[in-house]
Amino acid sequence: MTIERGIKLPNHSKHFTKRVLTIVRQIPIGHVATYGDVASMAGRPHAWRAVGNIMRTCSEPGIPCHRVVAANGRLGGYNLLAMKFQLLHYEGITFRGNRIKDFDKVRWRR
């Protein structure tokens, strides 16, 4: 990455993004992980917002972004919220209101 005056910064974010996507690919059908869980597994436990941004902008096929949710069991700020709900429901996740029912049972922690 280059900023003003040609100063180059190391691009650690590419490596972090690759780790995040590798982890998210591993979340099994019928399970979810939180943004914080994924950040921790990727080696940056406080980078849950970065994980959210990666999920929001990911267009790579085969990445089950819908399986990454907020720590309170809600779906989070996903652009296609209705689709995320439908995909999770299809995979066997049940809801009580706008939260995942039995969240601890379906939460994946590798």
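A short reminder: the numbers here are calculations on the coordinates, not readings from a lab. None of these values were measured; they are calculated from a predicted model. With ideal geometry, Cβ positions are generated from the backbone for all residues, glycine too; neighbour counts draw on all protein chains shown.
Some points to look at:
- Scanning the range 35-59 for residues that are in a helix (DSSP H, G or I), in contact (Cβ under 8 Å) with a residue 24 or more places away in the chain and within 11 Å of the chain's Cα centre (by Cα) turns up TYR35, GLY36, ASP37, VAL38, ALA50, VAL51, GLY52, ILE54, MET55.
- When the range 56-98 is limited to residues that are within 20 Å of VAL20 (Cβ to Cβ) and polar (S, T, N, Q), the one that is surrounded by the fewest Cβ atoms within 10 Å (Cβ to Cβ) turns out to be SER59.
- Number of the condition not met by GLY92 [criteria: (1) under 10 Å from the mean Cα position of the chain (by Cα); (2) on the phi > 0 side of the Ramachandran plot]: (1)
- Residues located in the range 99-110, provided they are surrounded by 13 or more Cβ atoms within 10 Å (Cβ to Cβ) and touching a strand residue (DSSP E or B) at 6+ places or on another chain (Cβ under 7 Å): ARG99, ILE100, VAL106, ARG107, TRP108
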